[in-house]
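Reading through the structure tokens given below for one structure.
The values are calculated or read from the model by the stated rules, or taken from the named source; none is laboratory data. From a predicted model like this one, the values you see are computed outputs, not experimental measurements. Using ideal geometry, Cβ is built from the backbone for each residue, glycine included, and neighbour counts are taken over all protein chains shown. Heads up: the accessible areas ignore ligands, DNA and RNA and are worked out on the full protein's heavy atoms, side chains in. Shrake-Rupley method; radii C 1.70, N 1.55, O 1.52, S 1.80 Å.
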Amino acid sequence: MILFLLGVLALFLLIAVSILISLSEISFAAARDVRLRSRAEAGDKRAQAFLALRRNSGQVITVLQICLNGVGILGGIVSSEMLSPPCGDLLRYWGVPNGLAEKTGSTLSFIMVTGLFVLFADLLPKRVAMNAPDKVALSIGWFPKFALQVLYPFVWIFSKVSDAVLRALKIPAASAVEPVTPEDLRAILAAGTASGVLLEQEHQMIQNVLGLQDRSITSAMTPRDEIVFLDVQDNADINYEKVRAKPYSRYPLCDGGLDKVIGSIRAEDVLASVVDPTRIPEDQAPRTTPIFRMRRDVLSVPETLNLWDTLAQFDTHGVGFALIVNEYGLVVGLITFKDIMGALMDGLANPFEEQAIVRRDENSWLIDGAAPIGDVMRELHVLELPDSAQFDTIGGFVMHRLRRMARKADRVDAGGFRFEVVDVEGFRINQLLVTRLT
């Protein structure tokens, strides 16, 4: 009876140690560095100690494995030497034959020990550690540190032997740190939204910020034929009428056409040139007019930039307005800081303009022909459209599929959707009706 009680006591002690091992193992792997680092910077000693252990993760894993295997071996000894004999004696006392009682007692003690270890030393502590890894890591961080100090000679020997074996097999001793990819980050954001940590609007805003590097500058620009520019060869009244009809804060200033840009001018400067009492008569040379003297420098950027690079150029030069030039030196469009803000607000309540993509019902959408093709694919939940990487807008994609300029009622089927041209202006597609194909 005394042997049985000692065996039960030893079993409970081994289970307690095994619980500490399981908690340490899971929390060490699952605890998040970002939260622990913020706590360590705030002065939390436990977080600082745990992060120091993590920098020595190889030895910590080794000592936990030594402890785990040691506890398993001791559990087998307790089962066979301290619990099996009393169980056999109890069965013999109940009239079970001697040989059968011994075998049955060993089986019962094995089942009891294994069940207790699996339930209390493995499943339950690991589930607890997975539910709150950061909290468990701070509470139990002392155990791997203590075990490492006690068993350091064995850890050193096993580490050296394992490193030698890995070198012989030409396997790296330490795994390379894998960088976080954009797909990983998007998956994390989606998980945060699903759990309620992020609001839908916050998730959309972060996605839009990440998407600035994927969107070309031409996807958000004002096209060449829609640019309102002022010309020094026009008289002040004509330029004033342009400003009155199309009020913007700044305009390109040209000398005979949009391909001869000489600077930019603000709307208030145009007004000042009209009311200037010293205004030069209209028959004087254009370069002596007040509007020419008031011109400012204008930023020009190549059409190969993305929106993130364009935003960086705005910040570097302290402007919010730029002309977009192609490789032949021709102006193809104009972009402002407001256009980039519109890209950031895409999918949210846009304070600047109407939405380019409007959902009519579950299976149809009205889409502006100038809508970025990436935004359209995201709205339609389409992973890929044929040759979509070659175009910035959905209108360009439809014309490429038609192999000609689009006409009203033209249609294209792709990616499980039908893209039907609703409105055309000149060579440009103004609006598309997109319906899901069943």
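Overview of results
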item: Among Asp89, Asp259, Asp346: highest mean-square fluctuation, GNM of the chain, C-alpha pairs under 10 Å; result: Asp89
item: The chain - charge dipole about Cα centre, Lys and Arg +1 at Cβ, Asp and Glu -1, debye rounded to 20; result: 1800
item: Solvent exposure ordering (accessible area, 1.4 Å, most first) of Met82, Met130; result: Met130, Met82
item: Length gained when the stretch Asp214-Trp94 is fully extended (0.36 nm per residue, less Cα-Cα span); result: 35.3 nm
item: Options (1) 63, 54, 39; (2) 61, 52, 46; (3) 126, 54, 43 - which one matches Cα extents along the principal axes in Å as calculated here; result: (3)
item: Among His203, Gly76, Asn98 - extreme Cα towards positive end, dipole of the chain, charges at beta-carbon; result: Asn98
item: Accessible-area order (highest first, 1.4 angstrom probe) of the listed residues His381, His317, His400; result: His381, His317, His400
item: Cα centre as origin, Lys/Arg/Asp/Glu Cβ charges: segment 354-438 dipole, Debye; result: 340
item: Debye, to nearest 20: dipole size of segment 65-155, +1 on Lys, Arg Cβ, -1 on Asp, Glu Cβ; result: 240
item: Most fluctuating residue given options Arg215, Arg295, Arg35, as computed from a GNM of the chain linking Cα atoms under 10 Å; result: Arg35
item: Karplus-derived HN-Hα couplings along segment 13-20 (A = 6.51, B = -1.76, C = 1.60, θ = phi - 60°), whole Hz, x at Gly and Pro; result: 5, 5, 5, 4, 5, 5, 4, 4
item: Nearest-ten-degree value, helix 45-54 long axis tilted from longest Cα axis of the chain; result: 90
item: Residue-normalised accessible area of the chain, given per residue in Å² at a 1.4 Å probe; result: 59
item: Pairwise FRET efficiency - Arg296 versus Leu199, Cβ, R0 = 51 Å, nearest 0.05; result: 0.80
item: Structure-based [θ]222 nm, the chain - -39500 (n - 2.57) summed over DSSP H runs of at least 4, per residue, nearest 500; result: -16000 deg cm²/dmol
item: Ranked order, Phe50, Phe229, Phe110 - accessible area, probe 1.4 Å, largest first; result: Phe110, Phe229, Phe50
item: The chain: angle of helix 307-317 to the longest principal axis, Cα-based, in degrees nearest 10; result: 70
item: Residue-span extension gain [Ser162 to Asp44] - 0.36 nm each, minus C-alpha spacing; result: 39.0 nm
item: Segment 144-156 - phi-based ³J(HN,Hα) in whole Hz, Karplus 6.51/-1.76/1.60, Gly and Pro as x; result: x, 5, 5, 5, 5, 5, 6, 9, 4, x, 5, 4, 4
item: Positive dipole terminus of the chain, leading residue within Ala40, Leu124, Cys87 (C-beta point charges); result: Cys87
item: Area of Leu64 that stays accessible when all protein chains are in place (1.4 Å probe, Å², to 10); result: 10
item: Set of segment 53-71 residues, backbone N closer than 20 Å to the point 7 Å along the Cα-Cβ line of Arg35; result: 53-55
item: Accessible-area value, Phe158, 1.4 Å probe, nucleic acids and ligands omitted, Å²; result: 110
item: Label point distance in nm, Thr316-Val118, each placed 7 Å from Cα along Cα→Cβ; result: 6.5
item: Nearest-ten-degree value, helix 57-77 long axis tilted from longest Cα axis of the chain; result: 30
item: For the chain, built as a Gaussian network whose Cα springs stay under 10 Å, the top-fluctuating residue of Leu119, Leu198, Leu185; result: Leu119
